[in-house]
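The values are calculated or read from the model by the stated rules, or taken from the named source; none is laboratory data. Predicted, not measured: the structure shown is a model, and the values here were computed from it. Note that each Cβ is placed from the backbone with ideal geometry, even for glycine, and that neighbours are counted across all protein chains shown. SASA here: full protein model, heavy atoms, side chains in, ligands and nucleic acids out. Shrake-Rupley method; radii C 1.70, N 1.55, O 1.52, S 1.80 Å.
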Amino acid sequence: MLTSVRSLLAASVLAGAALAATPAMAQDEETPIVTVTGNVALVTDYRFRGVGLSGGDPAIQGGITLNTAPGFYVGTWASSLADSPAYGEMELDLFAGWAGEVTDGLGVDVGATYYLYPSNTVDPADVFELYAKLKPTVGPLALTLGVAYAPSQDSLDFGVGLPDDNLYLSADASIGIPSTPITVTGHVGYTDGAMTYTANSKAWDYSIGASLTVLGNVSLGVSYVGVEADAPLKDISGFTDDTVVGSLSVSF
């Protein structure tokens, strides 16, 4: 069990973001108290933090979120997977949190996600994770700096000598090309813990891509995704090989 810097760092960042989210937000009487948003997507390969979860095959994904005017939200998201005893054929995420702007040009998003695998035949597989994100906007550039921490739990206990918690740090950037419907995005992430499946192992994932919005709510995207990790991740062909991922999504 790790009570190390990972635990302390995650706890400090999550607590700080929660305190930053304390100020009350003014509510316009004409603003709907509750709104519903969602999306449906088809991707050529489901990559989670750079790791392939659909066996290199296309995946169908979609989610729905219930949003409130004070900023609290709750929702669910699902994706098809490559069928395996450990995870089955489907991932189902349940999440809840608070998001809002704490000052001009700075947003905060704090919450928790529960990753469920309803059709798996090997228990335990479900994972609980806390997350916090800072979202500064610098001119046309939108940034997201995130931390996600999965505390010690049975589903992350892969054996003696291996960590049973996980820390994930990420940075994302997007910028729209002026006078076009094209947005360019970039991502880098760092994993430290159980999800690297080996003692004292670290992993980096990265991507760069672009998306084109048409008809108001339809998006066509393409991105190049890669992972740099120690064994055993790199020993599994197709699991972390660099790849190009295409997507077609509709939002509502």
FRET efficiency, 1/(1 + (r/R0)^6) with R0 25 Å, evaluated for Val218 and Thr185 via beta carbons: 0.90
Among 165-175, 179-189, the order from most to least packed when residues are scored by Cβ within 10 Å on average: 165-175, 179-189
Backbone N within segment 136-165 under 13 Å of label point (7 Å from Ala86 Cα along the Cβ vector): 155-159
Solvent-accessible area per residue, Å², over segment 24-116 with all protein chains present [probe radius 1.4 Å]: 52
Average Cα contact separation per residue, segment 33-120, under 8 Å, 6 or more apart, as relative contact order %: 22
By average C-beta atoms within 10 angstrom, highest first, the peptides 149-158, 210-219: 149-158, 210-219
With every protein chain in place, segment 115-183: carbon and sulfur % of accessible area (1.4 Å): 65
Charge sum, other residues only, whose C-beta stays under 15 Å from Asp123's C-beta, Lys/Arg counted +1 and Asp/Glu -1: -3
